[in-house]
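Peer 1: Dropping the structure in here first, questions after.
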Amino acid sequence: MRITILGSAAGGGFPQWNCNCRNCAGQRDGSLRAKARTQSSIFVSGSTSADGVLFNASPDILEQIRSHPALQPGRAVRDTAIAGVVLMDGQIDHATGLFMLRERGRPLPLWCTDPVEEDLSTGNPVLKVLGHYCGVDRHRIALDGAAFEVPGAADLSFRAVPLSSKAAPYSPHREAPVPGDNIGMLISDRRSGRSAFYAPGLGEITPALFDLMCGADAVLVDGTFWTDDEMIRLGLSKKTARDIGHLPQSGAGGMIEWLDKLPASTRRLLIHINNTNPILDEDSPERALLTQHRIEPCEDRMTLDL
C-alpha cells in the first residue's frame, strides 16, 4: 500500500493568503526554514494497482494532481487514477475541491456518511451543483465498523469509526455534533496485511479508538494546533483548539502523550497542520521535541509505503 500526501496543511494552506503571523511572514520572506503546504488530502493505492482512493478533495486538488503525475496516468483521452473519493467530513477545505472534478464523464463515485451527505446537499450544496455536471454516485459510509471497498482500488479495504470533533460551521449541528460529522478511517491492504489509521480532524481519543490506532502500522492524525489556546494567544480567535474539534499536540492529554503510548514500531505522523503551528518552523524547539518523540509532521509530496 502506498499513501501519498497530496496536501498536509489545515484550511487556508501555508502560508495562508491573508496571514502575517510569524510562520506565514517568515516563510514568504525566507527568514523561516519552513515548507509551503497545500490543504490536507491523501491518495491511497494498493500493492497491485496504480488506481486508488482520494481522501478529501481540497480546494487545491488541481495543483495537487498536477504535482503528482501518477494521478494522471494518461491511458485514454481523459483519464484519472482516482477510482473514488472518500470524505472524512464536510469541511470546506475537504469538500469544495469536488467542484474541480466536475469534468468527469460519468458520475463521481463518492463515499461519505449520512450527516456529511446532508450538509453537502443543504448548507453547502456541493453535491446538488455537481448534479448539473458529472453527477455523483454516492455511497453511504456505515458507522458500525463494517468494512467496505471502492471498486477499482484493488487490494484495499476500509473501516470507518465516528470521531469526537465538529461539523462544518454551516452545519445545523455544528454545536450539537452527531455521529458521522467526522470520521477516522482504518485503511488496510489485504495482500500485505499492512494498515494505516487516518484522522485529520480529531478532538478526543477514547480507549476504543486508541486500541484501533495501536493495531495500525502507521497513524496519520490531527496536527492542527500545538497548544489549546494557540489562536487565542495570537488574537485570531476566541475559541480553543478543543472548542473547534482539534486535540492539540502539547499539554496533558495532548496528541504527543497519546502517540507516545503506541507500539514502538508504529509510524506516527501529523497532518492538517495549521499555519500558526510552530512545528512548521523546522528550527523550532517544538519541532525538535516532535523529533525526540519520533513524530513526523507530514509534508506535501511525502509517500509512505506500507
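The values are calculated or read from the model by the stated rules, or taken from the named source; none is laboratory data. Everything numeric here is computed off the predicted structure, so don't read it as measured data. Note that we place each Cβ from the backbone using ideal geometry, even for glycine, and neighbour counts take in every protein chain shown.
Peer 1: Do you know which residues across the range 281-298 are of a type outside the set (A, V, I, L, M) and buried (at least 16 other Cβ atoms within 10 Å of the Cβ)?
Peer 2: Matches in the range 281-298: Asp281, Ser284, Glu286, Arg287, Glu296, Pro297, Cys298.
Peer 1: Do you know which residues across the range 23-59 are surrounded by fewer than 17 Cβ atoms within 10 Å (Cβ to Cβ) and on the phi < 0 side of the Ramachandran plot?
Peer 2: Once the filter is applied, which keeps residues that are surrounded by fewer than 17 Cβ atoms within 10 Å (Cβ to Cβ) and on the phi < 0 side of the Ramachandran plot, the range 23-59 yields Ala25, Arg28, Asp29, Ser31, Arg33, Lys35, Ala36, Ser47, Thr48, Ser49, Ala50.
Peer 1: Now, a different point. Cβ contacts < 8 Å: first residue free of Cβ contacts under 8 Å to residues at least 12 places away in the same chain, restricted to the range 139-151; second residue aromatic (Phe, Trp, Tyr) and surrounded by 12 or more Cβ atoms within 10 Å (Cβ to Cβ), any location; separation 6+ or different chain. Result?
Peer 2: Glu149/Phe158
Peer 1: From (1) modelled with pLDDT of 95 or more; (2) closer than 21 Å to Pro177 by Cα, pick out the condition that doesn't hold for Lys238.
Peer 2: For Lys238, the exception is condition (1).
Peer 1: Residue check, Phe197 against (1) farther than 29 Å from Gln249 by Cβ; (2) touching a strand residue (DSSP E or B) at 6+ places or on another chain (Cβ under 8 Å), all met but one. Which one?
Peer 2: Every listed condition holds for Phe197 apart from (1).
Peer 1: In this structure, is Ala50 of a type in the set (A, V, I, L, M, F, W, C) and over 17 Å from the mean Cα position of the chain (by Cα)?
Peer 2: yes
Peer 1: Give, as residue ranges, the strands (runs of 3 or more DSSP E) completely inside the range 17-110 that count at least 1 residues that are in contact with a Lys or Arg (Cβ under 9 Å, 6 or more places away or on another chain), within 15 Å of Gly7 (Cα to Cα) and of a type outside the set (Gly, Ala, Ser).
Peer 2: Details: elements: 41-45, 52-55, 82-86.
Hits in the range 17-110: 41-45.
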